[in-house]
1. Let me confirm the definition first: pairs of Lys residues in the chain, 8 or more apart or on different chains, C-alpha distance under 19 Å. How many are there?
2. Do any chymotrypsin sites (Phe, Trp or Tyr not before Pro) in the stretch 1-80 lie in a loop, going by DSSP, with at most 16 other beta-carbon atoms within 10 Å of their beta carbon, and if so which?
3. With no solvent and one point on each alpha carbon, what is the Debye value of log10 I(q)/I(0) for the chain at q = 0.10, 0.12, 0.18, 0.19 Å⁻¹?
4. With the dipole of the stretch 5-90 worked out from charges on the C-beta (+1 for Lys and Arg, -1 for Asp and Glu) around the Cα centre, which of Val44, Gln33, Val56 lies farthest toward the positive end?
5. Output wanted: per-residue J couplings in Hz (rounded whole) for the stretch 7-15, from phi through Karplus 6.51 cos²θ - 1.76 cosθ + 1.60, θ = phi - 60°, x for Gly and Pro.
6. Report, by chain and number, residues whose modeled amide H sits under 5 Å from the one on Asp42, excluding near sequence neighbours (fewer than 5 apart, same chain).
7. Once you sort the root eigenvalues of the Cα gyration tensor of the stretch 105-149 as a ≥ b ≥ c, which label holds: rounded (a/c under 1.5), prolate (a/b larger than b/c) or oblate (the other case)?
8. Counting only helical runs of four or more DSSP H residues, what would the 222 nm mean residue ellipticity of the chain come to if each run contributes -39,500 (n - 2.57) and the total is spread over all its residues?
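No lab work stands behind these numbers, since they all come straight from the coordinates. Note that this is a predicted model, so its numbers are computed, not measured. Glycine gets a Cβ as well: all are built from the backbone with ideal geometry, and neighbour counts include every protein chain shown.
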Amino acid sequence: MPRDPGKTLKRQALRQQGVFNPRSQDVQHELFQNSNFFDPEDLVQVKYEMLRQVGVDRQSISASAEAFGFSRPSFYQAQSAFQQAGLAGLLPEKRGPRSGHKLTAEVMEFISRVQTADALLSPAQLAQAVQEQFGLSVHPRSIDRQLRRQKKRQ
């Protein structure tokens, strides 16, 4: 049986937007079985329907979470995010630090001064100097990336 090209395009779009449900096979709720509208691969839609079932249809949290392929803690996280930010709260957030959070302006000024004194220092040597001066463990690659960002800005 040939694959549905529309479904393939939608799956690609969901992945690109970071809202593809990697556990779509765990969605057992009847709404998502053989439906052209309800898509178990659409993470936002699945979370929303799970919340709606509890809030509007007054179903139990445990049963709803299980039917939609989530744990109870995941239900509560989705509920809190939805209450705080609406539908946008159901979008997954990027993981990890948002920036070089250890490389504050003070640390970068120090690195600049050290580099000015000895331009041949490697990022690993700069990381060691930061460790000695501030007690911060910073990966040499983080320093290298931050230095390149600063060069681009200039």
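1. Taking the Cα cut-off of 19 Å, the pair count is 4.
2. Phe37, Phe38
3. Per q value, in the given order, log10 I(q)/I(0) is -0.60, -0.69, -0.96, -1.04.
4. My answer, from the dipole projection, is Val44.
5. Each residue of the stretch 7-15 in turn: 5, 5, 5, 5, 4, 4, 5, 4, 5 Hz.
6. When sequence neighbours closer than 5 places are left aside, the close amide H contacts are Asn21.
7. Here the stretch 105-149 falls in the rounded category.
8. -17500 deg cm²/dmol
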